[in-house]
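Working notes, structure below.
The values are calculated or read from the model by the stated rules, or taken from the named source; none is laboratory data. Given the structure is predicted, the values throughout are model-derived calculations rather than measurements. In this analysis, Cβ positions are derived from the backbone assuming ideal geometry, glycine residues included, and neighbour counts consider all displayed protein chains.
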């Protein structure tokens, strides 16, 4: 048995031979990919918080967390331990079941939506995507829609005024921008003719001008704005709005439950950055040095993963940066922008793309 | 054959299921760990009141809210369904352009026209006017 579990053997296995029982190489590799992806995602969540705090400090001419470890690099660890040790208090006036469910499901949409995103080309024999679904993009939108539940349930369960206001604001905002987000990517589907994210990435290879940020710039603008609204980031952080709703939907929460809301928020921020890199910036490809072809060597495979992570991190950084530079929209402005500007614009974008494709055909 | 293909497609969802299980285990584990490791405090009556910036809560805990939110939720369902309708159309569009362009383009334009009429109607009704 041990020789089966050794890494060289696993890398050599390609067929459908069983390792033991029902565990085929497919199951085995998938399990490895899932565990690595979730682990990496949670680490990135922790360090995005750290980056956010350091960058905000830099922007506001402060120092930020720099005491725990070099450059404060161990700060996320300390914060994690602290939130586990805090008193886990459930106030008497809340709706108990939902109060527990809400933070529990906050983390799921962010983690689940990265399952279909190709984070590299090939490593050995394996495709670097967890689930190569033919409905990839639809799946992502389905899962991101679920992220509204955590916040709305938290607002409802808290049975208190600020969380409730935060909750209904969040629901209105997130569902509104979901429409423009869904409509904004349709031109890409028109051009590619496929929902599979791997094929969308492959389509963008070749030249820099093949990236959809250049081919469908209007889609990009709408998608980017909707991404900020979906993840409740400034300039659209209505549900939290620290200085009007104290902290919105998470006021009544303490200890790890409180932390889970933030982890969920950062997880969806990372997921949406990965989507942005995949849809508009060529995913793991770079149009130079033949890096747009699936890797044949291990080094090439690792390089593709690094390219993808670099693009994702660049977007995360941009989202952090914007948060500390921009003021918050007012709620009526937010709804106006979503419904009266973006939806007609996205629809017009679809018609124009369709007509241009028709004229070209 | 059809069954086999169906199973093969379902196989692709197995990693998604694994991912869901791992994610649920992660968040469930965190909630459980904090119950076990968390500090136990005493429970004075004031701790059980709703948080309103430190003041004694005024009135009922559930605030009234504008009916407009309800309207937005309904409009969302309509528009989201329309978005979902556009997805399959968009996927087959390029292939059908070469075989039956007038059907695929004409169909979309009539769909968009109906959508535009509906959109103009809700604009006219002031359903999206938040500034009153």
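Key figures for this structure:
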{"item": "Condition broken by residue A:138, with the remaining ones in (1) outside any loop (DSSP other than H, G, I, E, B); (2) within 28 Å of residue B:32 (Cβ to Cβ) satisfied", "result": "(2)"}
{"item": "Only one of A:13, A:94 that is surrounded by 13 or more Cβ atoms within 10 Å (Cβ to Cβ), at pLDDT below 90 and within 14 Å of another protein chain (Cβ to nearest Cβ)", "result": "A:94"}
{"item": "Residue satisfying all of: in the range A:155-164; part of a helix (DSSP H, G or I) and surrounded by fewer than 24 Cβ atoms within 10 Å (Cβ to Cβ); nearest to the other protein chains (Cβ to nearest Cβ) among these", "result": "A:161"}
{"item": "Qualifying residue in the range B:100-110 (condition: within 23 Å of the chain's Cα centre (by Cα), facing chain A (nearest Cβ under 7 Å) and farther than 30 Å from residue A:84 by Cβ)", "result": "no"}
{"item": "Options A:45, A:34: the member that is crowded, with 20+ Cβ neighbours inside 10 Å and under 26 Å from residue A:291 (Cα atoms)", "result": "A:34"}
{"item": "Residues of the range A:22-55 satisfying the condition of being over 19 Å from residue B:23 (Cα atoms) and at pLDDT below 90", "result": "A:22, A:23, A:24, A:25, A:26"}
{"item": "Single residue of the range A:22-36 satisfying the filter (farther than 14 Å from residue A:127 by Cα and touching a helix residue (DSSP H, G or I) at 6+ places or on another chain (Cβ under 9 Å)) that is farthest from the other protein chains (Cβ to nearest Cβ)", "result": "A:23"}
{"item": "Selected residue [more than 27 Å from residue B:61 (Cβ to Cβ), touching a helix residue (DSSP H, G or I) at 6+ places or on another chain (Cβ under 7 Å), within 11 Å of another protein chain (Cβ to nearest Cβ) and touching a residue at least 12 places away in the same chain (Cβ under 8 Å)] from A:148, A:192, A:129, A:152", "result": "A:129"}
{"item": "Some residue of the range B:77-87 being over 29 Å from the mean Cα position of the chain (by Cα), more than 8 Å from chain A (Cβ to nearest Cβ) and exposed (fewer than 14 other Cβ atoms within 10 Å of the Cβ)", "result": "no"}
{"item": "Residue match in the range A:77-86 (condition: within 11 Å of another protein chain (Cβ to nearest Cβ), modelled with pLDDT of 85 or more and assigned to a loop (DSSP other than H, G, I, E, B))", "result": "yes"}
{"item": "The range A:252-280, residues that are touching a helix residue (DSSP H, G or I) at 6+ places or on another chain (Cβ under 8 Å), surrounded by fewer than 23 Cβ atoms within 10 Å (Cβ to Cβ) and not in a helix (DSSP H, G or I)", "result": "none"}
{"item": "Qualifying residues in the range A:115-126 (those that are over 12 Å from residue A:304 (Cβ atoms) and surrounded by 24 or more Cβ atoms within 10 Å (Cβ to Cβ)) - the one nearest to the other protein chains (Cβ to nearest Cβ)", "result": "A:115"}
{"item": "Answer from A:308, A:317 - the residue that is buried (at least 22 other Cβ atoms within 10 Å of the Cβ) and either away from chain B (no Cβ under 14 Å) or touching a residue at least 60 places away in the same chain (Cβ under 8 Å) (or both)", "result": "A:308"}
{"item": "Inter-residue pairs, beta-carbon under 8 Å, first facing chain B (nearest Cβ under 9 Å) and part of a helix (DSSP H, G or I) and in the range A:320-343, second modelled with pLDDT of 85 or more and surrounded by fewer than 18 Cβ atoms within 10 Å (Cβ to Cβ), 6+ apart", "result": "A:340/B:123"}
{"item": "Filter result (in contact (Cβ under 8 Å) with a residue 24 or more places away in the chain and surrounded by 18 or more Cβ atoms within 10 Å (Cβ to Cβ)) within the range A:53-78", "result": "A:75, A:76"}
{"item": "Those residues of the range A:165-210 which are modelled with pLDDT under 90 and in a loop (DSSP other than H, G, I, E, B), in sequence order", "result": "A:193, A:194, A:195, A:196, A:204, A:205, A:206, A:207"}
{"item": "Qualifying residues in the range A:281-306 (those that are over 23 Å from residue A:191 (Cβ atoms) and in a loop (DSSP other than H, G, I, E, B)) - the one modelled with the highest pLDDT", "result": "A:297"}
